[in-house]
Structure formats: C-alpha cells, structure tokens
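What follows is calculated from the coordinates using simple rules that are stated; it is not laboratory data. Bear in mind the structure is a predicted one, so any value in this text is a computation, not a measurement. A quick note on method: Cβ atoms are made from the backbone with ideal geometry, for glycine too, and the neighbour counts reach across all protein chains shown.
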Amino acid sequence: MEYDLKEMREKWFSHRKKKQDPPLPEPLPKKRGAPQGHPGWFRKKPKKIDEVEQVTLEKCPQCGSASLSECEGTEDHIQEDIVIPELRVTLYRRHYYWCKGCKNVVHGYGKEEMPNSYIGPNAKAFSSFLREGVKVSQRNIQKIFERFGLKICNASVPGFHNQARKKGMSLYEQLKEAIKKAPWVHGDETGSRLDGKNYWNWIFATSRICLHVVRETRGGKVVEEILGKKFNGILLADFFCAYNQLEALAKQRCLVHLLRELKKALECSTPGDPIYVWCKKLKDLIQEAIDLAEEYEKKIISKEQFELDRTQIQQTLQDFQFSDPTYKILQRLSKRLTRHKNEIFTFLDYPGIPYHNNHAEQLLRNTVLLRKITFGYRSIHGVLNHEVLMSLYQTAHLNGKDPIALFKRILISRDKKLPLSLCLRTSSPPILSACLPAP
C-alpha cells in the first residue's frame, strides 16, 4: 500500500517538464524578380492586325445542340505568333547588253543577288546572327536551316561567316580607328582557345562601339596596338598589369573588383583585428565616394559642396596607410593602393565616368558563353570571323540597329568601303562631362 502511494505521488506531484515551444519557421528566401514597387509589365496591343478570324458556332460545344441564337456583342482576343519561314527560290535571269562606249558585253545583278552564291543573303545574315547573337553552334545552324527546308552541308556555315567577315572588314577597321578617338574606353579580356592553344579575347568598348580582338598574348602590347602609345581619353579597366603601361589622359580602376577583395578580407577576419579595421575603413571611404558621385549626378547636392567633399575624400585616400603590412592581405592591398592611388577616384574628377568596368564585362559575356558551347576555335579563320562579326553585332546592338539587317546589307553591298553609319547612329553621341576635366 505504501509503495502504491509513493508511486502515485511521484507520478502526480513530480517536476513536470515544460513543453518546448515549436521551432520558429525559417524565413522565406528573398523573392527573385523586380524590386518591390517596380511597375508591372503588360503586353502592349499590336498596332497592326494581319488577320481577323470570325469565330462562330454551328452547334453547342457542351451539349451538341444545333439550336443556337447569336447574342449581341463580340469579344476580341488578340494573339501574336510567328510564322515558320518557307524556302524561297529566286531565279535571276540576266539580260546581256552590248555597250558601244566600252565595247564590252555587260549585264546587271538583281536587287538581292549575290554573284557566285547559291544561298541568298537572308540565310547567311541569319546564320551570323545565330552564331554571334544567340550563340548557336555551326552544326545546329545547319539543323535549323534544314527545318526551314534549306539543305546545306557542314562546311557551308563557316563559308557564310567567312564571306560576311571579308565584306565587313572595312567596317571593322573603321571601328578600330574610331575607338582611338573616344573620350573614354572600357577594357577587359578573357581566355580563349585556338586549336588547343591558349589565346586571349580582348574587348575595348564605349557606349556606342564594341571592338573584339583575339591575340596570343595577354600583355600590354595589345592595349598599345588598339589605343595607341598615347591615348587622349580615359581608360576604365581592372587592376591587371597590362593596362599600366598605357599613357592615357586618366585611368579609372574598377572599384567593384576592389570592394570584392575587401569583402573577402572582412569575412576572413574578426572585428578588432588590424585587417578588419583597415579594410572596413577603406571600404567605407570607397562607398562614401560612390554615394557622393550619385548624389551629384541626381543634383541632390550643389557643385560647391561636391567639390569640397571630393577634395576631402581624395586627401583621405592619399593619407591612407595600413597599420601592419606584415599581413599578406594587407601587403597586397597596400601595394595596390600605393601604385594606383591616383586611379581610384578618377570618376570624381570627371563626373559621368563610371567607377566600375561592368560595361565591358557584360559585353564579354557573349564570348564566354560561346566559348563554353564551342570550346574555342579550330582555325585562324574562325578567330577572324569572331573578331569582325561579334564586333559588328554588338556595335549594332548598342546603337539600336538590327544586326540581321546589318549583315544582309554587308553581304549584298558591292562597295569596297562601307559607311560607318550602317552600324552607328547618325545622331552624334551625348557629350559626357568626362571629355573635359573638372574645374
């Protein structure tokens, strides 16, 4: 009996464990897409209706009854679709004439006729667009054309690109000359392969011009070849040493690269460490300069206040020193800062110049993706085709031109030197304040 009472007391009066609260749900990941408050995108109503189809009924689609009486009013439903192109064969019947002036038999050419070519300019221009713009391999271009009813062999597609490159070479050379006169130029490079050997794909770009150059070297000779020994503009690039040799009006190093390295250094250190303290100080200084440039561009602050803050920030950078350069990370940052102190805040001296090199990196993205698909080039002709066609494609894209129409115009042209207006807008580009030094 006593044992039963003791057991009951332990059961009812013993310390009861508190129920633990259920774990809080993990926060939902940030929704991808447009930022909050961004206006929605809706498809605009087409300006032109190509076909109107009257949708009528003869019997009820639900019960099958034919006893229907039409109601008042209709409902319009607009649907956009593409039409798969069909193969079109054109016969150009040439008429010969005897010229009494030069004593020769002469004939003319059709409007879109390409001499000694059995494939028309539309197909060849579209193949160049698929290659450089959509990043389609040459074998898949052949499959796409077969779907349209145009049967070609594998060797035909490289031949299309060779022909477009040869006829567009004059435009490419004009782009080379035009970029030397630009007020500012972005520069970047990425690895490439030619028949298993390492090559480098360089890019030099402005807001209106894009120039691709493939070379075997990654040295400063390529920069000097494109921009000249003395460049009278501003060069925007990363901290790669190939851009150090160029003599330019000014240079702006990509601060995004520098901020990325500072972020890694902060993540690998703890608050209070010399690395953390000085990297945080430098990061805040760079961010302050970026905010100052954005406020001045949005006209939030006056010109006098901008010049005062700019002078203070630049002086702070000149006086910036690392406390203990024995750390490897600080040694690298200290060396870089000492060498490029005058190239960090150039965008404050020339308002309108970006502080990053994202423009060149975005334009170089097409080349990187094409490299992943094709694994490089097999011949020097493929390298030349990429240089010319990718430069013309991206230049036309920057100027709001239709690349397919540009390639077609190049192919059917009989002029040895094409006008640069084919891929550039006729209106003059906006003059940035970067063309003139800040007072």
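At-a-glance table
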| quantity | calculated |
| --- | --- |
| Mean separation of Cα contacts under 8 Å, 6 or more apart, over the residue count of the range 187-286: relative contact order % | 16 |
| GNM top mover of 374, 270, 217 - the chain, alpha-carbon springs below 10 Å | 270 |
| Electrostatic dipole magnitude of the range 220-361 [Cβ: Lys, Arg +1; Asp, Glu -1; Cα centre; debye, to 20] | 480 |
| Residue-averaged 222 nm ellipticity for the chain, from DSSP H runs of 4+ at -39500 (n - 2.57), nearest 500 | -13500 deg cm²/dmol |
| Among 403, 95, 67 the positive-end extreme of the charge dipole of the chain (Cβ point charges) | 95 |
| Theoretical gain in end-to-end length, residue 102 to residue 340 [0.36 nm per residue, Cα-Cα removed] | 79.0 nm |
| Length-normalised contact order of the chain in % [C-alpha pairs under 8 Å, at least 6 apart] | 19 |
| Trypsin sites (Lys or Arg not before Pro) within the range 106-140, DSSP loop, no more than 14 other Cβ atoms inside 10 Å | 111 |
| Set of the range 272-310 residues, backbone N closer than 13 Å to the point 7 Å along the Cα-Cβ line of residue 239 | 279, 282-283 |
| GNM flexibility winner over the chain from 61, 274, 403 (Cα, springs under 10 Å) | 61 |
| Most mobile of 361, 53, 113 in a GNM of the chain (Cα contacts under 10 Å) | 53 |
| Theoretical gain in end-to-end length, residue 173 to residue 147 [0.36 nm per residue, Cα-Cα removed] | 5.8 nm |
| Electrostatic dipole magnitude of the chain [Cβ: Lys, Arg +1; Asp, Glu -1; Cα centre; debye, to 20] | 1900 |
| Given 111/417; 264/335; 176/417; 283/335; 229/335, the pairs whose alpha carbons are separated by over 22 Å | 229/335 |
| Net lengthening on full extension, residue 229/residue 195 (0.36 nm per residue, minus Cα-Cα) | 9.1 nm |
| The range 291-390, relative contact order in percent, only Cα pairs under 8 angstrom and at least six apart counted | 20 |
